[in-house]
Amino acid sequence: MASEPQPSDPPETSRSAARRSSEAQARGALHWLPGLHTLRHYDPAWLRHDLVAGLVLTAMLVPVGIAYAVASGVPGIYGLYATIVPLLVYALFGPSRILVLGPDSSLASLILAVVLPLSGGDAMRAVALAGAMAVVSGLICIMAGLARLGFLTELLSKPIRYGYMNGIAVTVLISQLPKLFGFSVEGDGPLHSLWAFGVALADGKTNASALAVGAATLALIFGLKRYPRLPGILIAVVAATVAVGVLGLDASHGVAVLGELPHGLPAFAIPWIGASDVVPVLIGGAAVALVSFADTSVLSRSYAARTGTRVDPNQEMVGLGAANLAAGFFQGFPISSSSSRTPVAEAAGARTQLTGVVGALAVAALLLVAPQLLRHLPTAALAAVVIVSAIGLVEIADLRRIHRIQRWEAWLSIGCAAGVVVLGAIPGIGLAILLALIEFLWDAWRPHSAVLGRARGLKGYHDIARHPEARQIPGLVLFRWDAPLFFANAEWFHMRVLDAVAASPTPVHWVVVAAEPVTSVDVTAADMLVELDEALFAAGIELSFAEMKGPVKDKLKRFGLFTRFGEAFFFPTVGAAVTAYLQAHPVEWLDWEDERP
């Protein structure tokens, strides 16, 4: 008799499983597409802020994009191409809700160093070379993000981030002062620019009309801050543009203005280069990837802290890489985060990535239908906008708090800010990372250690330096090490153990290392433990361990030390080690708990 067919799952169960699978796939997609997640949870109250901030940002995107394109060795229109498409792509792939990407001064010299000697004055060849560098940079950033190398941003502590942002603010202020006063200067770095500004000021190069426009724009922006519902920056920029156009200040008083925009939109194009160009483009693209990620990661994390949000650094690398890849294939060149345009977006009230989308679409619209709309926009007004935004970057209040509770970290922050101002933004990042590594190594190089004793009325064993009344068990040294054990502090550990033995009030029979705080042991430290064991054994002293973590034990097993010391000398608790010692060595010892009735 044939068996009856088994009933299939109920339709509800199948639909539930399919729904769960669909939701899991959606969550996976949203992880790599943060912009979609933001869109799904978008608050309609944010729309007004994002629209206004996007329009304000447009006034910055256009002149800056053109200027950095020329500085990078390509025609100015391609700076706008490198603005439009990357902003749209980053809005989809980028995790930061406020970061603005585009052409940046920190990359201009790197791009020019590759493009200028290889292009031979051919503009289209320069565009292809710059586009190929963007593709290389994008691929490197994407691969680094997928490999989860974003942990490198964790090297920067809060005081160092404050220092970097304060240094950036000062650098931006210095760069905008000449434009505010109506002239330009040439300077290699912020300090040289500041000196050149002072010299030009002393020579009487100030354009009084430009300064009046810039100062009025500053005053209007600060005055409208009392009315947070009003788009103060947009109102000030529009007012300055109308004033210059109506009064004809650009023609009659030489006030510098943006001028008419070029025409055209970016199109998909593969940046073909010759075989002889591959190596320099690969090297240049890798350098761009390193610099752009260093800059972007610091800005992203700093703004995340300011807005109380969290940014995945690995996704940040993917977002930056995707934006660069899009720039390379749409007639652009390598881009990075902007330390001048991002604070403009924040000051204008940006809430989400939609600000960048609005800015990109507005730039595209200007190129298509209104290339003359911003021709009277004065550069002094733009300088005023950037100055206001840079002032908003400065962090003083929390640095005062840090100075009160840990003075050396406040000075570390000030040193980092000075490094950014003196050396520039990118070397300043390197200095910040170096200072962070020194800070970490200093804490781990000479960590705290303690000899433990038994204090009346307190459970467990405690630092005798903090509890002078604590008693030590005769012949037993309980030594606690409050750090990983590695090459930089191995000899210090060896020395501190021998010092503890020498300072013992009674002849020592056992040394027990309370190893719970020890999270790792490397080869150098393992060899040191062998030397220490030999030295103690020669003096008739046994070395043992208590409360050692499983992963650390696993390392000692691989190093062969677990067998050397013997499993019996690895105790689960300090109390178990003390009990074993008292059983092996009948010393005169009465614990205070034993005295209780």
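A few points about this structure:
- Residue match in segment 238-245 (condition: buried (at least 18 other Cβ atoms within 10 Å of the Cβ) and within 30 Å of residue 317 (Cα to Cα)): no
- The conditions of being more than 23 Å from the chain's Cα centre (by Cα) and either closer than 24 Å to residue 47 by Cα or open to solvent by 20 Å² or more (accessible area, probe 1.4 Å) (or both) are met by residue 361.
- Test: residue in segment 248-261 that is more than 18 Å from residue 182 (Cβ to Cβ) and without any contact (Cβ under 8 Å) to a residue 60 or more places away in the chain: no
- Residue that is modelled with the lowest pLDDT, among those in segment 48-66 that are in contact with a helix residue (DSSP H, G or I) (Cβ under 7 Å, 6 or more places away or on another chain) and open to solvent by 40 Å² or more (accessible area, probe 1.4 Å): 66
- Only listed residue being touching a residue at least 12 places away in the same chain (Cβ under 8 Å), surrounded by fewer than 22 Cβ atoms within 10 Å (Cβ to Cβ) and under 15 Å from residue 96 (Cα atoms), chosen from 269, 304: 304
- Of the residues making up segment 118-125, at least one is in contact with a helix residue (DSSP H, G or I) (Cβ under 9 Å, 6 or more places away or on another chain), among the polar types (S, T, N, Q) and either touching a residue at least 40 places away in the same chain (Cβ under 8 Å) or surrounded by 24 or more Cβ atoms within 10 Å (Cβ to Cβ) (or both).
- Residue pairs meeting the criteria (Cβ under 8 Å; at least 6 apart or on separate chains; first closer than 12 Å to residue 322 by Cβ, in segment 134-153; second modelled with pLDDT of 85 or more and not in a helix (DSSP H, G or I)): 134/271; 134/332; 134/333; 134/334; 134/335; 135/271; 137/334
- Residue match in segment 90-113 (condition: of a type in the set (Lys, Arg) and either in contact (Cβ under 8 Å) with a residue 24 or more places away in the chain or open to solvent by less than 30 Å² (accessible area, probe 1.4 Å) (or both)): yes
- Complete set of residues in segment 490-506 that are in contact with a strand residue (DSSP E or B) (Cβ under 7 Å, 6 or more places away or on another chain) and open to solvent by less than 50 Å² (accessible area, probe 1.4 Å): 493, 497, 500, 501, 504
- Condition met for residue 487 (free of Cβ contacts under 8 Å to residues at least 24 places away in the same chain and open to solvent by 40 Å² or more (accessible area, probe 1.4 Å)): no
- Candidates 210, 147, 132 - the one that is under 30 Å from residue 288 (Cβ atoms) and modelled with pLDDT of 90 or more: 132
- Considering segment 174-200, and only residues there that are of a type in the set (A, V, I, L, M, F, W, C) and in contact with a Leu (Cβ under 7 Å, 6 or more places away or on another chain), the residue that is most open to solvent (accessible area, probe 1.4 Å) turns out to be 181.
- Members of segment 272-289 that are surrounded by fewer than 16 Cβ atoms within 10 Å (Cβ to Cβ) and either farther than 27 Å from residue 139 by Cβ or within 28 Å of the chain's Cα centre (by Cα) (or both): 282, 283, 286
- Within segment 307-323, considering residues that are surrounded by 18 or more Cβ atoms within 10 Å (Cβ to Cβ) and not in a helix (DSSP H, G or I), the one modelled with the highest pLDDT: 312
- Residues of segment 67-79 satisfying the condition of being open to solvent by less than 10 Å² (accessible area, probe 1.4 Å) and of a type in the set (Ser, Thr, Tyr): 72
- Counting the residues of segment 44-74 that are touching a residue at least 24 places away in the same chain (Cβ under 8 Å) and farther than 26 Å from residue 172 by Cβ gives 2.
- Verdict on residue 187 being in a loop (DSSP other than H, G, I, E, B), of a type outside the set (A, V, I, L, M) and out of contact with any strand residue (DSSP E or B) (no Cβ under 6 Å at 6 or more places or on another chain): yes
- Residue 178 being within 29 Å of residue 236 (Cα to Cα), in a helix (DSSP H, G or I) and not small (Gly, Ala, Ser): yes
- Residue selected from segment 221-237 under the condition in a helix (DSSP H, G or I) and open to solvent by 60 Å² or more (accessible area, probe 1.4 Å), by the criterion modelled with the highest pLDDT: 222
- Selection count, segment 546-597, where residues are open to solvent by less than 40 Å² (accessible area, probe 1.4 Å), part of a loop (DSSP other than H, G, I, E, B) and more than 21 Å from residue 534 (Cβ to Cβ): 1
The values are calculated or read from the model by the stated rules, or taken from the named source; none is laboratory data. Since the structure is predicted, the reported quantities are computational estimates derived from the model, not experimental observations. Ideal geometry is used to build each Cβ from the backbone, glycine not excepted, and the neighbour counts take in all protein chains shown. With ligands, DNA and RNA removed, areas are computed over all heavy atoms of the protein, side chains included. Shrake-Rupley method; radii C 1.70, N 1.55, O 1.52, S 1.80 Å.
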